[in-house]
Amino acid sequence: MPAVGIAVGDNKKEYPGNLTPFVTVTCIVAAMGGLIFGYDIGISGGVTAMPSFLKKFFPSVYRKQQEDATTNQYCQYDSQTLTMFTSSLYLAALLASLVASIVTRKFGRKLSMLFGGVLFCAGAIINGFAQGVWMLILGRILLGFGIGFANQSVPLYLSEMAPYKFRGALNIGFQLSITIGILVANVLNYFFAKIHGGWGWRLSLGGAMVPALIITVGSLVLPDTPNSMIERGQHDEAREKLRRVRGVDDVDEEFNDLVAASEASMKVENPWRNLLQRKYRPHITMAVMIPFFQQLTGINVIMFYAPVLFNTIGFGSNASLMSAVITGVVNVVATMVSIYGVDKWGRRFLFLEGGFQMLICQAVVAACIGAKFGVNGSPGELPKWYAIVVVLFICIYVAGFAWSWGPLGWLVPSEIFPLEIRSAAQSINVSVNMLFTFIVAQIFLTMLCHLKFGLFLFFAFFVVLMSIFVYYFLPETKGIPIEEMGQVWKTHWFWSRYVTDEDFPKAGGYEMTKGGQGPKNV
């Protein structure tokens with residue numbers, strides 16, 4: 001029972017509503033769910049650069065690092081146990097995201113966030129008190145379960161709660177929280193590494209309890225989204241919530257469209273099987289390819305292992321931690337650029353500009369490292385200008401990712417899925433993301449040892465592929481109401497062969513413009 005859309009200048013349906021203080025504060029609190037993911041990314045790379053941590057848990061790596069000055073710099077951290085410490089979390093997150101889909105759909109986004117916070121907190125406590133590698137990995141698995149639940153529910157929550165005109169900016173609050181978490185972790189690592197007695201790593205790992213408590217408490221005080229309430233039959237409450245969220249009384253049009261979407265969703269008995277339908281071909285493609293390419297940019301190589309990487313290319317332990325702090329600051333600032341521009345410049349422009357920027361930087365860093373380290377990994381005395389050039393181009397690379405593939409890798413999938421498949425499709429999105437995060441984290445140090453400076457060219461190749469993919473296959477989703485998103489596929493030069501008017505009927509006369517749908521619109 002969709003209502004008739006309001007006609008506006010560009011023929012797009014426009015729901016009345018404002019960016020209210022209520023929805024702003026709500027989205028800020030929800031976005032803090034990204035803190036746990038970011039804190040973990042930053043903290044794991046930092047503690048593995050602390051000699052006291054390596055000496056206690058990974059003595060073979062410690063010996064290679066400390067006792068043999070002639071060791072090939074590319075290979076000094078090559079340890080499967082060490083990489084399992086880092087990457088076990090992401091395998092656990094993959095498994096948790098599949099369970100989180102059911103929880104998110106049947107019980108709401110809030111409960112999924114709560115589970116994420118509690119599990120992450122338990123993992124942080126175990127890691128902080130770890131006495132052996134088995135405790136470290138057990139803690140990491142619990143952290144992974146927490147991240148799986150949070151990454152499943154928070155982007156959906158933000159996309160559903162935000163007014164469509166500001167959906168990009170508010171959703172990117174999740175990525176901003178991730179970058180803040182990384183920065184805080186890097187700063188703490190820098191100072192905790194200086195603690196006499198070498199036990200600062202316990203504070204770094206145990207400190208994950210703080211962001212875990214933030215999301216746990218936040219999930220208890222946040223309201224549920226109107227979409228989720230309608231999905232669970234709470235129509236009257238959902239209408240009142242929508243009025244408060246939008247800051248206007250006239251919400252009938254949007255409410256009726258949400259109800260219509262929910263009724264269509266209820267007819268779907270098995271959303272997982274439903275994903276295989278022809279009309280969802282573009283959605284499932286984006287749910288797989290966007291997170292796949294996001295990880296194959298190589299960003300997690302930088303963010304997981306920034307201190308290790310800087311140490312490997314000749315910086316001392318403290319200097320490598322400081323360099324990681326610098327990249328963390330760049331990450332936060334560049335994400336704010338994305339918040340400003342995503343609803344102004346559009347998703348496609350940022351995707352493509354960021355890809356070009358990352359490609360150039362990866363080529364320069366590969367050339368710099370190749371020129372000084374060669375293939376034997378023995379650089380000799382490194383000049384100061386060399387270190388400055390490497391850090392500068394890594395920072396430009398991080399900035400390119402932080403205003404493009406970083407936030408948009410979470411935003412675009414969360415806003416394109418119809419309600420009937422939203423939880424299941426988001427689970428696939430998170431699962432693919434975590435799978436390739438796990439793979440990259442697990443094999444990076446071995447790849448660095450064998451591919452040497454060519455590792456950066458390996459990731460540069462995928463940056464070229466993903467930019468071509470976006471140019472030809474991703475339509476612009478800027479300014480489209482979330483329940484009307486099905487229309488973008490029907491006017492796309494390629495996806496229109498899979499999606500018809502019968503698959504996604506126009507809700508109340510909604511008409512899509514042709515702009516932004518074909519490869520010519522960059």
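The values are calculated or read from the model by the stated rules, or taken from the named source; none is laboratory data. Computed from a prediction, not measured in an experiment: that's the story for all the values here. Cβ coordinates were reconstructed from backbone atoms using ideal geometry, including for glycine residues, and neighbour counts include every protein chain displayed. Side chains included, ligands, DNA and RNA excluded: accessible areas come from the protein's heavy atoms. Shrake-Rupley method; radii C 1.70, N 1.55, O 1.52, S 1.80 Å.
Tell me, what is a quarter of the convex hull surface for the C-alpha atoms of the range 28-491, in nm² with one decimal? Before the final figure, lay out each step's value.
On the way: hull surface 81.3 nm².
Over every viewing direction, the Cα hull of the range 28-491 projects on average to 20.3 nm².
Using 24 Å as the Cα-Cα cut-off, could you pick out the over-long pairs in 279/344; 106/241; 56/372?
Numbers: 279/344 29 Å; 106/241 19 Å; 56/372 32 Å.
Violating the 24 Å limit, Cα to Cα: 279/344; 56/372.
Taking loop as defined by DSSP and a crowding limit of 15 other beta carbons within 10 Å, which trypsin sites (Lys or Arg not before Pro) in the range 154-210 fit?
194
How much accessible area does residue 496 have with a 1.4 Å probe, in Å² rounded to the nearest 10?
Its heavy atoms expose roughly 50 Å² to the probe.
Pulled fully out, how much extra length does the chain show between residue 443 and residue 235, if you take 0.36 nm times their separation in residues and subtract their Cα-Cα distance? Numbers along the way, then the final one.
On the way: separation 208, 0.36 × 208 = 74.88 nm, distance 4.90 nm.
Once the chain is fully extended between residue 443 and residue 235, it gains 70.0 nm.
Which net charge results when you count Lys and Arg as +1 and Asp and Glu as -1 among the other residues whose beta-carbon is under 12 Å from that of residue 251? Don't skip to the answer; put the middle values down first.
On the way: positive: 239, 241, 243, 244, 246; negative: 240, 249, 250, 252, 253, 254, 257.
Net local charge, residue 251 excluded: -2.
Any idea how far apart residue 285 and residue 129 come out in nm if each label point goes 7 Å out from Cα toward Cβ?
According to this spin-label approximation, the distance is 5.2 nm.
Calculate one ³J(HN,Hα) per residue across the range 463-479 by plugging θ = phi - 60° into the Karplus curve 6.51 cos²θ - 1.76 cosθ + 1.60, and present them in order as whole Hz with x for glycine and proline.
4, 4, 4, 5, 5, 4, 4, 4, 4, 9, 10, 9, x, 6, 10, 4, x
Once ligands and nucleic acids are excluded and a 1.4 Å probe is used, how much of residue 250 is accessible, expressed in Å² to the nearest 10?
Surface accessible to solvent at residue 250 totals approximately 100 Å².
For residue 346, what residues show an amide H to amide H distance below 5 Å, using hydrogens built from the backbone and excluding near sequence neighbours?
none
If you rank 55, 372, 490 by how much accessible surface each has, with a 1.4 Å probe, what is the order from largest down?
Working: 55 125, 372 70, 490 35 Å².
Reading off the accessible areas and sorting them downward yields 55, 372, 490.
To the nearest 20 Debye, how big is the dipole of the range 28-491 about its Cα centre, given +1 on the beta carbon of each Lys and Arg and -1 on that of each Asp and Glu?
Numbers: 33 positive and 26 negative charges, 174 e Å.
For this selection, approximately 840 debye.
Using only alpha carbons, build the gyration tensor for the range 110-228 and give me the equivalent ellipsoid semi-axes, biggest first, whole Å.
They are 30, 17, 10 Å, listed from largest to smallest.
Leaving out ligands, DNA and RNA but keeping every protein chain, what accessible area does residue 349 have, in Å² rounded to the nearest 10, with a 1.4 Å probe?
For residue 349, the solvent-accessible surface is approximately 90 Å².
For residue 95 and residue 276, calculate 0.36 nm times their separation in residues minus their Cα-Cα distance, and state this gained length in nm to one decimal. Provide the component values of the computation, followed by the final result.
Working: separation 181, 0.36 × 181 = 65.16 nm, distance 2.06 nm.
Net length gain for the segment: 63.1 nm.
Probe radius 1.4 Å, ligands and nucleic acids left out: which of 471, 397 has the largest accessible area, and how do the rest follow?
Details: 471 70, 397 10 Å².
Result of the area sort, largest leading: 471, 397.
Can you pull the one-decimal nm distance between simple spin-label points at residue 22 and residue 503, each 7 Å off the Cα toward Cβ?
Rounded to a tenth, the inter-label distance reads 3.7 nm.
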